[in-house]
């Protein structure tokens, strides 16, 4: 029987509809529920004896820039990302080996947007810091801030950022945004002012990042960029870890240049225990959990499963991701 290799976490518990759909479509699921990190390494693949039977992969944070993986999987026809960002997939290698890459755009947008709003509230009202103090037997009087009257800047104005803007309409704040391909109609409807990248960085009390990780955006928030931000601003990143120079951000937090940061994605995952950023107090960290809701898992898994079956049936997938050169 042809097989689908699944490394997305919780697939056995939160994605039963997708699991059943793939089985009913005639495929066996390969899934290890004991794995804590959602990936399958090249070494783990090499240890398998059924590599020729694997025709599809539904992946989490697996690194498919390693050409050895493609060579180990001669029957692979489709790689489905459990989510949106495909920066862990080499699309040129997919083209070279005749593998179609698909993703699930929009299916986890609400979950990520809600986490973004939660981080903003947490940082402004010092929720995590106050909770930690109380668990240590203290009763501090930390003074927070209100979102009302502040300027929230969105770098990127795609599906997630638009939902963040919509959620912010009840907070009586100003929302500005920058996008390479600005959606003026959506901005008008949501009361968002479209502006330049520089204006978002310099003028915002809160900067929330919603752009992909590319060679051009690598460490776009470095020491120089952070220095240009408003004193006392907060930085939120529920997008991709490679967008931020984490040591430069740590320096800005430790010096008081920035009032706080909320981070859900990191350049190295899991985050190393000796990371400088862990020395900062005014910080909210989550382990790349933006899409981790039961509702999101159901939507993403079914979207991915249907496209996997479409490809394996010789049909065109709904959410094909092409390399820039194709």
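The values are calculated or read from the model by the stated rules, or taken from the named source; none is laboratory data. As the structure is a prediction and not an experimental result, all values here were calculated from the model. Methodologically, a virtual Cβ is constructed for each residue, glycine included, from the backbone with ideal geometry; neighbour enumeration extends over all protein chains shown.
The table that follows gives values for the structure above.
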quantity	calculated
Lone qualifier among 224, 198, 216, 189 - being modelled with pLDDT of 95 or more, within 24 Å of residue 106 (Cα to Cα) and exposed (fewer than 15 other Cβ atoms within 10 Å of the Cβ)	189
Any hit, the stretch 7-16, residues being closer than 27 Å to residue 287 by Cβ, in contact with a helix residue (DSSP H, G or I) (Cβ under 8 Å, 6 or more places away or on another chain), at pLDDT 95 or above and part of a loop (DSSP other than H, G, I, E, B)	yes
Residue match in the stretch 51-68 (condition: touching a strand residue (DSSP E or B) at 6+ places or on another chain (Cβ under 6 Å) and either surrounded by fewer than 19 Cβ atoms within 10 Å (Cβ to Cβ) or free of Cβ contacts under 8 Å to residues at least 24 places away in the same chain (or both))	yes
Any hit, the stretch 306-320, residues being crowded, with 17+ Cβ neighbours inside 10 Å and more than 15 Å from residue 100 (Cβ to Cβ)	no
One residue from 180, 253, 235 being outside any helix (DSSP H, G or I), crowded, with 16+ Cβ neighbours inside 10 Å and in the same structural domain as residue 157 (by TED's automatic domain parsing)	235
Count of residues meeting criterion [in a loop (DSSP other than H, G, I, E, B) and touching a strand residue (DSSP E or B) at 6+ places or on another chain (Cβ under 8 Å)] in the stretch 271-317	5
Scan of the stretch 166-177 for residues that are under 18 Å from residue 146 (Cβ atoms) and either in a helix (DSSP H, G or I) or out of contact with any strand residue (DSSP E or B) (no Cβ under 8 Å at 6 or more places or on another chain) (or both), ordered by number	167, 168, 169, 170, 171, 172
Number of positions in the stretch 240-250 that are in a loop (DSSP other than H, G, I, E, B) and touching a helix residue (DSSP H, G or I) at 6+ places or on another chain (Cβ under 8 Å)	1
Unique residue being farther than 23 Å from residue 263 by Cα, free of Cβ contacts under 8 Å to residues at least 24 places away in the same chain and touching a strand residue (DSSP E or B) at 6+ places or on another chain (Cβ under 7 Å) when the list is 91, 76	76
Among the candidates 292, 281, 269, residue that is modelled with pLDDT under 95 and buried (at least 16 other Cβ atoms within 10 Å of the Cβ)	292
Index of the failed condition, residue 260 passing every other in (1) outside any strand (DSSP E or B); (2) surrounded by 22 or more Cβ atoms within 10 Å (Cβ to Cβ); (3) touching a helix residue (DSSP H, G or I) at 6+ places or on another chain (Cβ under 6 Å)	(1)
